[in-house]
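J.: Here's a structure for you.
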Amino acid sequence: MKLKDTIHRNLPGQLLILLLVVIAIAMSAHATGADFGLFIRNHRQMGIFMGYFMRPDWAFFSRIIDPMILTLRMAVVGTVLGSVTAIPLSFLATTIVTGNRAVTGIVRLLMNIIRTVPTLLLAALFVAIFGIGPVTGVLTLAVFSFGIMSKLMYDLIETIDLSPLEAAESVGANPVQIVVWSIVPQISHIVASYILYVFEINIRASTILGYVGAGGIGVVLNSALGLFRYDRVSVIILFILAVIFIVDGISEFFRRRLT
Amino acid sequence: MIEFKDVSKKYPSGVMGLKGISLQIGDGEFVSIIGSSGAGKSTFLRSINRLNDITDGQIIIDGQSITAANKRQLRKLRRHIGMIFQTFNLVKKSTVQKNVLSGRLGYYSTFKSLIGWFSKKDYELVKDALERVGLSDKLHHRSDQLSGGQQQRVSIARTLVQQASIILADEPVASLDPITTQKIMADLRKINQELGKTVIVNLHSVELARKFSTRIIGLKSGEVVFDGSPVEATDEVLTRIYGEEIFKDGEDDA
């Protein structure tokens, strides 16, 4: 039996692609000077870090509760602000709603630009404008959430069942009525789960934002690292891990009930 | 009364959907449109409520041109024209009540419909319409929990609350089994006879057209090739126009 008569008929092509991927990895490792030997040669450094890391400074825990609450608040406000602005605007980013390629194109372009700006750069920018503090963090997270949310939303709206829209049109409904009566019920439960998803991402992102002084647990993490207090870093990371674990669990629970 | 005055529809691809159609459909008629796939049945029906724009001629409904209507006038005209679709076109996640009530949207301002400020009279209309199609007990069910036949009856109820004087049905039974098909067609006939509404149905099956309608219009390549009573639409006549093909279509899908 020849290969092309079996289910493996694409095998030569697939092997070729695999080969190309391997070559690409090797070439980029070479170009960036990635040296896996570093892992072994620097094992002493690693040992010191792990030594502290494995003995967490539990007493420090009481001092990171407030920053963590601040982080959670920032994530909540950021998520809400970002979603509230992204959700209505994303309808304009679909030809289904606008019926106009130019409008849709412009709205999408703006959304893509916003999404492309790296979060850290955005945070640095807001620090420069509004100074250090949670307001900066909230604004950064809001813009970040807007970027993700708008993209998820317009992709979602493009996939809906168009037939009820036709029915609404046939009874004489106007465009706003069509959106609210025929599109929103189709996507509302998915949008709710998207909001929870963005909230999860925001908690992770907000820890990083502390690096540029945007407030919350990240600030504490950054200073502990700067002081080589790996015992404290350890507590902070464990705490973040626990919080994300809990939030993931809660949002997973709600998302399952929503769909 | 619906008047087609030399109506043509040319698609951007250059294909002619409709070719110089002129005819009148009087109030209270039950008209079946027959013809094979691609004959222009759907285009014909959808040009009546302007879900499809025509490229030439005029369509006049009760003395008012729907072809020349602006957006606002068009929405107003559409309130009087109900439509039933092959795929039911309900919002599946919404309840039966909400789907039927949506037939009233054309009568409400954006604001009122957004906050769901509907009159008591309209809720009564919904109740009555569901009673008429035998689905009173499904008021709060989600639409996707219903069978195909039930969903189609919900969409019939939607046209009833619309209080439309004309009901267009685009292949309303094409995705239903034979028994349900008979029931849906009987429902349409009842609405036609008891409420005096004009019903225009696209059908694949000549049998159904003969059994239920008072008038049959045959289309072929966008032209009217037959227009007469079911009695006149004999096997002989139809075979001469279409060939044997036309009688097999009832079993086809699209």
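Any read-out appearing in this document is the output of simple, stated calculations on the displayed coordinates, not a laboratory observation. If you're wondering where the values come from, they're calculated on a predicted model, not measured in any experiment. Glycine also receives a Cβ, built like all others from the backbone with ideal geometry; neighbour counts cover every protein chain displayed.
J.: Quick one: go through segment B:23-41 and flag any residue whose amide nitrogen is under 16 Å from the point 7 Å out along the Cα-to-Cβ line of B:GLU232.
T.: B:23-26, B:29-34
J.: Using a 10 angstrom Cβ neighbour count of at most 14 plus a DSSP loop assignment to flag exposed trypsin sites (Lys or Arg not before Pro), which longest range of chain A is free of such sites? Could you put the intermediate results ahead of the total?
T.: Working: sites that count: A:LYS2, A:ARG9.
By the stated rule (loop sites, at most 14 other Cβ atoms within 10 Å), A:10-259.
J.: Assuming 1.306 mPa s and 10 °C, estimate D for segment B:1-158 with Stokes-Einstein, Rh taken as the Kirkwood radius over Cα pairs, in µm²/s.
T.: Numbers: Rh = 17.5 Å.
D, rounded to a whole number, is 91 µm²/s.
J.: Further, regarding this structure: Given N residues in segment B:176-251, what is its alpha carbon radius of gyration divided by 2.2 N^0.38 Å? Working shown, then result.
T.: On the way: Rg = 12.9 Å, N = 76, 2.2 N^0.38 = 11.4 Å.
Rounded to two decimals, the normalised Rg is 1.13.
J.: Right, another one. Where Rh is the Kirkwood radius over the Cα pairs of segment A:61-258, the temperature 25 °C and the viscosity 0.890 mPa s, what D in µm²/s does Stokes-Einstein return? Present the calculation step by step, with values, prior to reporting the outcome.
T.: On the way: Rh = 18.3 Å.
Using the Kirkwood radius from Cα pairs, D works out to 134 µm²/s.
J.: Also, I was wondering about something else. Quick one: order B:VAL237, B:VAL100 by neighbouring beta-carbon count within 10 Å, fewest to most. Intermediate results must be reported in sequence, preceding the final value.
T.: Working: B:VAL237 13, B:VAL100 32.
Going from sparsest to densest Cβ surroundings: B:VAL237, B:VAL100.
J.: Then there's this: Out of the GluC sites (Glu not before Pro) in segment B:169-254, which ones are loop residues according to DSSP with at most 12 other C-beta atoms within 10 Å? Please list the in-between numbers first.
T.: Details: sites: B:GLU194, B:GLU207, B:GLU223, B:GLU232, B:GLU236, B:GLU244, B:GLU245, B:GLU251; in loops: B:GLU232, B:GLU244.
Passing sites in segment B:169-254 are B:GLU232, B:GLU244.
J.: Could you work out [θ]222 nm for the protein assembly as shown from helices alone, using -39500 (n - 2.57) per DSSP H run of at least four and dividing by all its residues? Round to the nearest 500 deg cm²/dmol.
T.: Dividing the helical sum by the residues of the protein assembly as shown leaves -18000 deg cm²/dmol.
J.: Which entries of B:LYS98/B:LYS121; B:LYS19/B:LYS248; B:LYS138/B:LYS183; B:LYS98/B:LYS120; B:LYS10/B:LYS220 show an alpha-carbon separation above 20 angstrom in the structure shown?
T.: Working: B:LYS98/B:LYS121 15 Å; B:LYS19/B:LYS248 25 Å; B:LYS138/B:LYS183 18 Å; B:LYS98/B:LYS120 14 Å; B:LYS10/B:LYS220 15 Å.
Over 20 Å Cα-Cα: B:LYS19/B:LYS248.
J.: Using a 10 Å cut-off around each Cβ, can you sort A:ILE208, B:ILE21, A:ILE113 from fewest to most neighbouring Cβ atoms? Can you show the working numbers first?
T.: Numbers: A:ILE208 15, B:ILE21 22, A:ILE113 10.
Result, fewest neighbours first: A:ILE113, A:ILE208, B:ILE21.
J.: Mean Kyte-Doolittle hydropathy of 0.5 or higher plus an axial Cα length of 24 Å or more: which whole DSSP H helices in chain A meet both? Please list the in-between numbers first.
T.: Values: long enough: A:11-32 (32 Å, 1.98); A:65-91 (40 Å, 1.48); A:134-158 (36 Å, 1.22); A:184-209 (36 Å, 1.08); A:230-258 (41 Å, 1.26).
Those that pass (Cα extent of 24 Å or more, hydropathy at least 0.5) are A:11-32, A:65-91, A:134-158, A:184-209, A:230-258.
J.: Need the list of aspartates and glutamates near B:LYS76 for cross-linking: C-alpha distance under 17 angstrom, and skip anything on the same chain fewer than eight residues off.
T.: Hits, sequence-local ones excluded: A:GLU166, A:GLU169, B:ASP53, B:ASP62.
J.: Quick check: Cα centre of segment B:72-129 to Cα centre of segment A:174-196, how many Å?
T.: Rounded to whole Å, the Cα centres lie 17 Å apart.
J.: Now a separate question. Note the per residue figure in Å³ for the convex hull of the C-alpha positions in the protein assembly as shown. Working shown, then result.
T.: Numbers: hull volume 127.2 nm³, N = 513.
Convex hull volume per residue, Cα atoms: 248 Å³.
J.: Expressed as a rounded percentage, what relative contact order does segment A:130-213 have, with Cα pairs under 8 Å and six or more residues apart?
T.: Working: 31 pairs, mean separation 39.9, N = 84.
So the answer I get is 48 percent.
J.: What is the extension gain from B:GLN182 to B:SER119, computed as 0.36 nm multiplied by their sequence separation minus the C-alpha to C-alpha distance, in nm to one decimal?
T.: Working: separation 63, 0.36 × 63 = 22.68 nm, distance 3.46 nm.
Result: 19.2 nm gained on full extension.
J.: Can you pull the mean other chain C-beta count within 10 Å for peptide B:92-101? Working shown, then result.
T.: Working: counts 5, 8, 6, 1, 0, 0, 2, 5, 0, 1.
Whole-number average of other-chain Cβ neighbours for B:92-101 is 3.
J.: Let me ask something additional. Hey, what does the equivalent ellipsoid look like for segment A:211-259, semi-axes from the Cα gyration tensor as sqrt of 5 times each eigenvalue, largest first, whole Å? Could you put the intermediate results ahead of the total?
T.: Details: eigenvalues 180, 31, 5 Å².
So the equivalent ellipsoid measures 30, 12, 5 Å along its semi-axes.
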